[in-house]
Amino acid sequence: MTALVRLDRRIEHIDTDAAGVVHFTRYLSLLESAVLENLDRLGIGLAALAENGTSLVVVESRLRHQASARFLDDVGIDVSVSHLGAASLRISGTVSGPHGPLATGTLAFGFVDTQGSPAVIPARIATVLKELLR
């Protein structure tokens, strides 16, 4: 079965501000890491896209902050495919800490060719992504 899995991370010094609190921009980075690591694990990551003459670009990001993580907290990032278009992909995700959700959001990606123009998702990659739709 094809599935996305949780990505676990420990908050590092580079993720935090001087007070040891995770900077708000790092949550988007954590979501993106979970997406890219899952796609790579499924064999449809950036290398597979490049082999097909395509790549991903982030076209929209949204995030709702609910609580803060701190230096050395363990967090988990869960992502799911919430929309799949002919040349686009929307991922929803949650970054959770030991006491519950820290941030929820979405990342919308566009598929582009080597010239940066919109491109249809390669058939093999689209097939895997369709299996991930909820």
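The values are calculated or read from the model by the stated rules, or taken from the named source; none is laboratory data. Keep in mind the model is a prediction, meaning the values are calculated, not measured. Every residue, glycine as well, gets a Cβ built from its backbone with ideal geometry; the counts of neighbours run over all protein chains shown. Protein only, heavy atoms only, side chains kept; ligands, DNA and RNA dropped before computing areas. Shrake-Rupley method; radii C 1.70, N 1.55, O 1.52, S 1.80 Å.
Go through segment 25-83 and give me each residue that's within 15 Å of I125 (Cβ to Cβ), of a type in the set (D, E, K, R) and out of contact with any Leu (no Cβ under 8 Å at 6 or more places or on another chain).
Once the filter is applied, which keeps residues that are within 15 Å of I125 (Cβ to Cβ), of a type in the set (D, E, K, R) and out of contact with any Leu (no Cβ under 8 Å at 6 or more places or on another chain), segment 25-83 yields R41, E51.
Give the residue, chosen from E12, E51, that is of a type in the set (D, E) and within 20 Å of P118 (Cβ to Cβ).
E51
Residues checked against (1) at pLDDT below 95; (2) of a type in the set (A, V, I, L, M); (3) under 24 Å from A19 (Cβ atoms); (4) within 12 Å of the chain's Cα centre (by Cα):
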| site | (1), (2), (3), (4) |
| --- | --- |
| S33 | no, no, yes, yes |
| L39 | no, yes, no, yes |
| A47 | no, yes, no, no |
| R64 | no, no, yes, no |
| S68 | no, no, yes, no |
| G76 | no, no, yes, no |
| G85 | no, no, no, no |
| L89 | no, yes, no, yes |
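When segment 98-111 is examined, which residues are found to be more than 17 Å from the chain's Cα centre (by Cα) and modelled with pLDDT of 95 or more?
Result: G100, single match.
Restricting to segment 35-52, and then to whatever is open to solvent by less than 30 Å² (accessible area, probe 1.4 Å) and not aliphatic (A, V, I, L, M), can you tell me which residue is farthest from L4 (Cα to Cα)?
If we take residues in segment 35-52 being open to solvent by less than 30 Å² (accessible area, probe 1.4 Å) and not aliphatic (A, V, I, L, M), then G45 is farthest from L4 (Cα to Cα).
If you take the residues in segment 1-20 that are part of a loop (DSSP other than H, G, I, E, B) and either touching a Phe, Trp or Tyr at 6+ places or on another chain (Cβ under 7 Å) or among the β-branched types (V, I, T) (or both), which one is most open to solvent (accessible area, probe 1.4 Å)?
V5
How about segment 76-134: which of its residues are open to solvent by less than 50 Å² (accessible area, probe 1.4 Å) and β-branched (V, I, T)?
I77, V79, V81, I91, T94, V95, T104, T106, V112, I121, I125, V128
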